[in-house]
Amino acid sequence: MPEVGGVTSHRRAHHARRQLLHSLSLALARHPGLVAYTRALTRARRQRLARIALIFEFVRRLAAAEAVRRARAQELREAGLREGDLPAALLWAMLRAAGERARVEYTREMAFVRVAVAGADVRLLPPWARLLRSAAGGLEVALAPNGRWTPAGYLPP
């Protein structure tokens, strides 16, 4: 790729996507209606992993809705986002509203959310769950709400 001012156009696009995704995630997480809905949705779930799974399944089904996918495809491209970016931002916002420690990560191919889990939670996760280590050494599970079915939405090994 040709360089302009020491930075490739690919890097600039990646940085712009990163900033846009971060801004979108924060805006969603601060939306009072979304916070209230998330709390109402998870109120009946006592176990932490059950709340995470409920939020994940809600976002995954929303992302998989064909009408929603068709309507937003062109808008996402124009904004500089990819197909899985919006569900990942919404998942992150809802998890944060539910009090979880989560963060959005992304690669060129997809966006996903990393959620902190405790050692006691690991035995409750499905065998295909992808455990990751945080920079601080904690355990995290990766969730990809991209609308395509994967076992419980966890990233495959």
### R0 of 41 Å, Cβ-Cβ distance L125-S9: FRET efficiency to nearest 0.05
0.55
### Message
Taking 22 Å as R0, compute the FRET efficiency from the Cβ-Cβ separation of T107 and A50 and round it to 0.05.
### Response
0.20
### Most to least packed among 128-134, 88-94 [average Cβ atoms within 10 Å]
88-94, 128-134
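At a temperature of 20 °C and a viscosity of 1.002 mPa s, determine how fast segment 14-145 diffuses translationally according to Stokes-Einstein, using the Kirkwood radius over alpha-carbon pairs as Rh; express D in µm²/s, rounded to the nearest whole number. Write down the numbers at each step before the final one.
Working: Rh = 15.3 Å.
So the translational diffusion coefficient is about 140 µm²/s.
Where Lys and Arg each count +1 and Asp and Glu each count -1, what net charge lies around V104 among other residues with Cβ under 14 Å from its Cβ?
Working: positive: R17, R18, R82, R96, R101, R103, R114; negative: D85, E100, E105, E140.
Charge balance near V104 sits at +3.
Throughout, read-outs are computed from the coordinates displayed, never taken from laboratory work. None of the values given here were measured: they were computed from a predicted structure. Note that each Cβ is placed from the backbone with ideal geometry, even for glycine, and that neighbours are counted across all protein chains shown.
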